[in-house]
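Right, one structure below, let's go through it.
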Amino acid sequence: MPPTLGLRRALQSRGRGLGFGQRTAPSSVCLFCSFATRPSTFPTSSPLNKLRATRAKPQEAPAVRPRYQSTGATPLRPFISSPSDAGDTAAEPEPIDPRKDLESALRDLQTLAPNHVNLPRLQLALRNLSQDPGHESIRVAFLGLTTGDKPQHTARELLRLALADPLKSAQNWEAQLKAHDPSKPLIVHIGPPEEQATPLSLAASEHVIPEITVPSHVYNDANLEMIVMEADQATVAQAGEQPHTFDEAILVPAVDTAATTAGHSAPIVTPVHMAVLVADGVLGAASILSLPISPESQDTITAVANFKRISAEDKAACPSLVITSVEAGAQGLDLFRESASNAMKYEALWTEAGVGHINKWLRSNVLSQAEQEGTTKAPVRKLIESILHNAGAALQAAEYRDMKVSVEGGPSPHTIARLNQALADWAKDAHEELQQQLEIAFVGEAWRQMNWWKLFWRVDDVGMLSSEMIAQRFLPEAEKRLIFLAGRLQEAGITTAGGGKPVTYSGPAVPPSFPEGESSVVTTATATTTTESETKGTWPAHIPFTRNYLLAETVPALQALAQKLVLQSSTLAGATTALGGMSWLSGFGIYECGAVAALGIVLSLRGLQKRWERARDFWEGEVREEGRKAVRATEASIAELMDSVSPEVPEDVAVEIEELKEAKSVLKRAEEALARLK
């Protein structure tokens, strides 16, 4: 990533580093030279006892390692709280200044990820943050596109017209600007007359970028700096071939200066907040139109096409360009300075020149927060936003490259990470589906049809109704998504070990001891399911195995219990009724005999109600618990498989990955601080 530099003259001492500081008298070393840097390029027979025995069926799956943990690194700096927090719980933490927090985060980012952030632009942002809010220095570059050896005067003349005061006669700085060689860069400081430097000497030392100070009643208090220089059109076009880095390339122009008396050139880079691309004629306009200047960056980069004479067709053909005519602007300025009677001609020529569009663009960006004291200037905020955005993209690309490192015959760590996240999402959705679908099932019509008082005419339907509930509501969607996840595993090569040998999932848990004569059914079903899974190697069979187990074991037990309870209740009610009738035949009174019959009926119905409701609650809890175990066992099976083929990342790559994670956490902290910045 190419480094970048600043426009201000060098500080008086190297010990002051990159801070802006106050404006000082001109020194023999300018800012560009002081920053001279080469650009760097995831068991009984009782049916009720039989039903109770199913409670302990499957063994609990081994604990699954958590897959919902955040992979983000711990922030470098903890939350700063009040010193009295330890002794006084009522004390509130001292608020953190977002400006200082942002500056600290940017410095941490500079330390942790120097190869993934544009250092000169970062230094410029740090310098701005060290200044008072609303008084940051803003740098603007006027870049004249050139072809061949022909000098480009338009950018220099456009800058003069944008800063000239038509109410005053020609100033000394205008003559200096005109006399300056356009092939060499020139720094222009905007400030009041008392801060003007000595007249520009064109014979100055060649290793220093010339500087002049220009007074402007509009921009005197804006702390504005400008650089006017040429830019090779072919180089700019080459930068346009990479749209994601184009803005950064334009906003960090390189300047060639002579570093030694032998004349060897030493390129330095000059980071700016805003840039004006200036081209001449139809060919220049066509070259600018081919550049990837996005609408979002129009407040940062504006394009100007200069014509000798401007027609309505020219403006209509280039709606995204600022069409200017510096010749018309200069003519109008000279006429107005000669005599105020030429005001009408000046107005017409000045409107035709289009210089007002450049002034409007400058004022809207540089002076928009002038009346809001303590508010960060828009160009500074956009600069930091651009730095963080590009740094985030660079960190993500570097992390992706590191995660692609894989061992022989195995999937990459990045693939393992993505599949781990997919497994965690599947488990989360499966648990939610289990809860929601069973809630629907146990409050539905089928479950209400099995109420205790309906057993006398619905007892033969208990098996059918409960089987229907299990078949329709027991993790149907989770099983479909599991098949899809297993396909992703197979696509990633996880289901095949080295040499092409298939790797199988761990089989479902076999239920423990059952009453004699019944364990053979479950054992056979388990063996069949496990063998099928190991043979096909498709997906874990815990969910269908558990569903089949509930249908084959618990549903018949519930059906048998219902029939037994109805028979017992009917027998008790019939026996007490017969006893009452016999008592009446023996001479007892009608009331005494009726009481005996009624007591028997009540006791039989009460027993039926209590025992049946208890059995229903038990079966409902059993279904829920078995569903939860099936999901956990499935997750553990897939996790075990992925752990068995996970590659061992080289130590140096693992260290770099951790550093990138730490840098991303710092980047997130910087973004949060920027969001709080006024």
(request) Please give the per residue accessible area of the stretch 415-482, computed with a probe of 1.4 Å over protein heavy atoms only, in Å². (result) 47
(message) Taking just the alpha-carbon atoms of the stretch 589-678, what radius of gyration and Dmax come out, in angstrom?
(response) 33.0, 99
(request) Pull out the extension gain between VAL655 and GLU296, defined as 0.36 nm times the separation in residues minus the alpha carbon to alpha carbon distance; nm, one decimal. (result) 125.6 nm
(message) What are the equivalent ellipsoid semi-axes of the stretch 539-658, built from the alpha-carbon gyration tensor (square roots of five times its eigenvalues), in whole angstrom, biggest first?
(response) 63, 13, 5
(request) Determine, from the Cβ-Cβ distance of HIS357 and GLN396 and an R0 of 25 Å, the FRET efficiency 1/(1 + (r/R0)^6), rounded to the nearest 0.05. (result) 0.10
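The values are calculated or read from the model by the stated rules, or taken from the named source; none is laboratory data. A quick note: this is a predicted structure, and the numbers were derived from the prediction, not measured. Quick reminder, even Gly has a Cβ in these numbers, built from the backbone with ideal geometry, and neighbours come from all protein chains shown. Please note that ligands, DNA and RNA were not included when accessible areas were found on the heavy atoms of the full protein model with its side chains. Shrake-Rupley method; radii C 1.70, N 1.55, O 1.52, S 1.80 Å.
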